[in-house]
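Structure record follows, encoded as structure tokens.
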Amino acid sequence: MAYSVKRSSPLSAVSCKLSAVSGWRSASRTPPSSLPLARSSFIAPRLLLAIGYCLLALAGCKNGLTPESIRSGGSDQFGSIQVNSTPTGAEVWLDSVNTGKTTNCLLDSVPVGNRQVTLKLAGKFDWDTTVTVTAGQTTTVACTLLPYEAGYFDTPGAAWGVAVSGSYAYVADWGAGLRIINVSNPQSPYEAGYFDTPGSAYGVAVSGSYAYVADEDAGLRIINVSNPQSPYEAGYFDTPRYAYGVAVSGSFAYVADEWAGLRIINVSNPQSPYGAGYFDTPGEAYGVAVSGNYAYVADWDAGLRIINVSNPQSPYEAGYCLTRDRAFGVAVSGNYAYVVDDYYAGLRIINVSNPQSPYEAGYYDTPDWARGVAVSGSFAYVADYDAGLRIINVSNPQSPYEAGYFDTPGEAWGVAVSGSYAYVADGDAGLRIIRIAR
């Protein structure tokens, strides 16, 4: 028996010619039941095979296959993808289907054309790319899954706070004062200069040519950093309690001064700063952020206090929102204040669109003690003590979720974000620079 396959128009794609064994034509004149058993046993399987071959050929013609490729298993319509990642162990998805494989691995028998490869690994952002598969060839894709540590600088003290401006990270390094780290190359950061403040540097903010250091029992120290190699103290203001947090807006520095609440310092002349006003919050002020006419104070067991500072000489409380645990730090973006709530309550997201009536919109309970927070785009970056940097997707404030994390080697106290990097004040492990975007 011989089989032949022709390609023609879609309506007559296949013509199958069957030449059976001798006596086939006569079989048409004889009822099949009268055929000798041996002959019918010989013919039937081959007939079915021929019909199946024709159907397969028809399907192949519709999909651009040739009879030769069908006979060879269609190898010229398939290729392979070698998928590598750092770290390894990521689930590999192909066109939204889990392949059941993990990196590093080879995906074989992949149909030609454009294919979507997605990698999923706990603690990392999902990674995806489009791969063009070529018949009979292997295409290799490789990636480093985010977030990952790009570089670090081990400061001499204990890094508790950090701010970034331009090519420099300014680290509040507790007993070692202010350390200025050149981060123009995040893979190779180095110390450009430092100023050893008289107290314990806990928090830092940068504006223009000055770094403002919350120096615990030494109050607010104003450091001229116009030349990062030779910073010097331009002036200071000794607040009544312990300066833990600082934010700067316009001509004023706003200091979270523990039991003394919010202190507002006029720094229009950095050489002669003076107290413009204050508001004694009911708790212990540890963190502060400023947006528009309002200062947002993380006030320990008194939650978030919203202070109207439109007149710095006469600030007053516009509203407040009690948090579940102890408010330790705060960042503001748009209509929301993001409060790190220390020991047991993680990140709390407070709707402050009406400062007189703030309310909790959502929360995410991080695994350890939430100590610092920065917000950029749709993500909140939480310094979560022993659990390192936690990255929370807050695009829907009602349903935040963890998008990724990086477990730093120290204790994450503070965080700042600039461009594609998060800068983590990591206690005894100094400054850690984490790549968070491609």
field: Exclusive hit being part of a strand (DSSP E or B) and either farther than 12 Å from residue 346 by Cα or touching a helix residue (DSSP H, G or I) at 6+ places or on another chain (Cβ under 6 Å) (or both), set 437, 422, 380
entry: 422
- request: With the checklist (1) out of contact with any strand residue (DSSP E or B) (no Cβ under 6 Å at 6 or more places or on another chain); (2) of a type in the set (Ser, Thr, Tyr); (3) assigned to a strand (DSSP E or B) in hand, flag the one item residue 226 doesn't pass.
  value: (3)
message: Need pairs with beta-carbon distance below 6 Å; first residue under 15 Å from residue 307 (Cα atoms) and within region 320-338, second among the hydroxyl-bearing types (Ser, Thr, Tyr); sequence gap 6+ or separate chains.
response: 330/296; 331/338; 332/291; 332/296; 337/296
message: I'd like to check something: does region 305-316 contain any residue that is under 28 Å from the mean Cα position of the chain (by Cα), of a type outside the set (Val, Ile, Thr) and within 22 Å of residue 365 (Cα to Cα)?
response: no
field: Boolean, residue 190 is touching a strand residue (DSSP E or B) at 6+ places or on another chain (Cβ under 7 Å), surrounded by fewer than 20 Cβ atoms within 10 Å (Cβ to Cβ) and either modelled with pLDDT of 95 or more or among the aliphatic types (A, V, I, L, M) (or both)
entry: yes
task: Run down 297, 255, 288, 213 and say which single residue is surrounded by 22 or more Cβ atoms within 10 Å (Cβ to Cβ), more than 26 Å from residue 352 (Cα to Cα) and of a type in the set (A, V, I, L, M, F, W, C).
output: 213
Hey, residue 207 under 18 Å from residue 287 (Cβ atoms) and out of contact with any Lys or Arg (no Cβ under 9 Å at 6 or more places or on another chain) or not: yes
query: Inside region 78-171, counting only strands (runs of 3 or more DSSP E) that do not spill past its ends, which hold 1 or more residues that are of a type in the set (Lys, Arg), more than 28 Å from residue 385 (Cβ to Cβ) and not assigned by TED's automatic domain parsing to the domain that holds residue 375?
result: 97-102, 113-120
query: When both residues are 6+ apart or on different chains and their Cβ atoms are under 9 Å apart, which pairs have a first residue that lies in region 355-368 and is touching a residue at least 40 places away in the same chain (Cβ under 8 Å) and farther than 30 Å from residue 407 by Cβ, and a second that is part of a strand (DSSP E or B) and β-branched (Val, Ile, Thr)?
result: 355/306; 358/306; 358/350
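The values are calculated or read from the model by the stated rules, or taken from the named source; none is laboratory data. Values in this document were obtained by computation on a predicted structure and should not be read as measured data. All Cβ positions, glycine included, derive from the backbone under ideal geometry; neighbour counts span all protein chains shown.
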